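Taking it in order: structure first as C-alpha cells, then the write-up.
Please treat every number below as a calculation from the coordinates, not as lab data. Predicted model, so just to flag it, every value in this text is computed and none were measured. Here the Cβ positions follow ideal geometry from the backbone for every residue, glycine too, while neighbour counts run over all protein chains shown.
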Amino acid sequence: MPASPRPEQPYASGSAIVVEHDAARLDYDGRAYRLTMRRLLRNTGTAPITRYLIRISVDRYPGDPERSNAHYRQYPLTWDELALTATCRGETMCWEAKHDRDAFKEV
C-alpha cells in the first residue's frame with residue numbers, strides 16, 4: 001500500500017514568513033552603483049503580516065573594522081544616498097526607519 005501524502009507543514013507555528021527565493025543584482029552605470037534585492041516571501045501562518053524588517057549594513061574595509069568605523073563616522077551612509085524604495089506586486093509600500101547608524105540601517 002503506497003504511503004499517503006503528508007499534509008503541507010508550516011515552517012513555524014503561528015505567523016511566520018519564509019523566504020522562498022532571494023535574488024540580488026548590482027549594476028554600475030559608470031558613476032554609481034544600484035543594488036536591487038528581490039525576495040519571494042510566503043506567509044506560513046494564518047494571521048496577515050503587515051511588517052517585514054530590512055537590515056542594511058556597509059563595510060568599506062572588510063577585515064579592518066576600525067578603519068571602516070572611522071570611514072563611516074566621517075562619511076555616514078545616508079537615507080538620501082540609499083534612495084530606498086519598496087514595492088509589492090507593483091504597489092509602492094510605506095517604510096519607516098527603526099535604527100539609523102553611520103554604517104547600519106534597519107527599516
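Once the Cα atoms are used to define both axes, helix 65-74 deviates from the longest principal axis of the chain by about 70 degrees. Counting only GluC sites (Glu not before Pro) that DSSP places in a loop and that have at most 12 other Cβ atoms within 10 Å, the longest clean stretch of the chain runs over 9-95. For ARG67, neighbours were defined as the other residues whose beta-carbon sits under 13 Å from its Cβ, and their charges (Lys and Arg +1, Asp and Glu -1) total -1.
Our summary gives the chain a relative contact order of 21 percent, counting only alpha carbon pairs under 8 angstrom and 6 or more residues apart.
The computed Rg and Dmax of the Cα atoms in Å for the structure shown corresponds, within (i) 19.1, 70; (ii) 20.0, 73; (iii) 15.0, 51, to (i). For the range 49-79, the list of trypsin sites (Lys or Arg not before Pro) that fall in a loop by DSSP and count at most 12 other C-beta atoms within 10 angstrom reads ARG51.
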